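The structure appears right after this line, and notes come after that.
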Amino acid sequence: MKSKKAFVLVATLFIIALLSGVAILTLNLQSNMVKKSTDLFLYTQAKLLLKSAADFAVLQIGGFDRSDGYCLENLNINANPFDINVTINYIFAAGNKPSKCNNCIETDIPQSQNGTAIIDVIVQTTNNINIEPIRIHNRSVRLP
């Protein structure tokens, strides 16, 4: 009779160990899925911010007063947890370059394309140890 009780005790301990192992694996899988979902959400948000920042730069270029010879060269936007840096270079027809514009190229282009902007947008996460680092770059050519 004693060996039967000992066998039941060993079998019970084995089943408890097996179930606790399954529970640990389930929790581990669940935490990995939550992290991947969060990373995917942040990456998608960064891509949307990238497009929005380029469109915002075009609007800012259109509203910038160039009568004093300056031109809009960069924008810095902080959208927590992202930093957005926009650098703008211009292409002007020969003889049409604003006098104090540093990010300009003069070349032979049609007058209809005068003032074309090359917009570089970089979206990256701020230094936060809880977030997987994200850095996205986009270059577009726009005529404001």
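Where does the chain land at 222 nm, in deg cm²/dmol rounded to the nearest 500, when only DSSP H runs of n ≥ 4 count, each adding -39500 (n - 2.57), divided by all residues? Kindly include the intermediate steps, with their values, before the conclusion.
Numbers: 1 runs with 62 residues, N = 144.
For the chain, the value works out to -16500 deg cm²/dmol.
What is the extension gain from residue 23 to residue 45, computed as 0.36 nm multiplied by their sequence separation minus the C-alpha to C-alpha distance, in nm to one decimal?
Details: separation 22, 0.36 × 22 = 7.92 nm, distance 3.31 nm.
Value of the extension gain: 4.6 nm.
In whole Hz, what ³J(HN,Hα) sequence does the stretch 115-122 give by Karplus (6.51, -1.76, 1.60; θ = phi - 60°), x for Gly and Pro?
Calculated HN-Hα couplings, in order: x, 4, 10, 9, 10, 9, 10, 10 Hz.
Each label point is 7 Å from the Cα along the Cα-to-Cβ direction; what then is the distance between the points at residue 16 and residue 136, in nm?
In this crude label model, residue 16 to residue 136 measures out at 5.1 nm.
May I ask you to derive the FRET efficiency for residue 96 and residue 60 from their Cβ-Cβ distance with R0 = 22 Å, giving the value to the nearest 0.05? Don't skip to the end; give the middle numbers.
Values: r = 20 Å, r/R0 = 0.92.
With R0 = 22 Å, the Cβ-Cβ based efficiency is 0.65.
Compute the helix-to-body angle for 2-63: its Cα long axis versus the longest principal axis of the chain, expressed 0 to 90° and rounded to tens.
Approximately 10 degrees, to the nearest ten.
What is the magnitude of the charge dipole of the stretch 20-136 about its Cα centre, with +1 placed on the Cβ of each Lys and Arg, -1 on the Cβ of each Asp and Glu, and no other charges, expressed in debye to the nearest 20?
On the way: 8 positive and 10 negative charges, 73 e Å.
The dipole magnitude comes to about 360 debye.
Can you give me the C-alpha center-to-center distance between the stretch 1-62 and the stretch 99-144, rounded to a whole angstrom?
The distance from the Cα centre of the stretch 1-62 to that of the stretch 99-144 comes to 37 Å.
Once Lys and Arg get +1 and Asp and Glu get -1 on their Cβ, which of 87, 11, 101 lies farthest toward the positive end of the dipole of the chain?
11
Every number here is computed from the coordinates shown, using simple stated rules; none is lab data. Keep in mind that this is a model prediction, so the values were computed, not measured. Cβ sites come from the backbone with ideal geometry, for glycine too, and all protein chains shown count toward neighbours.
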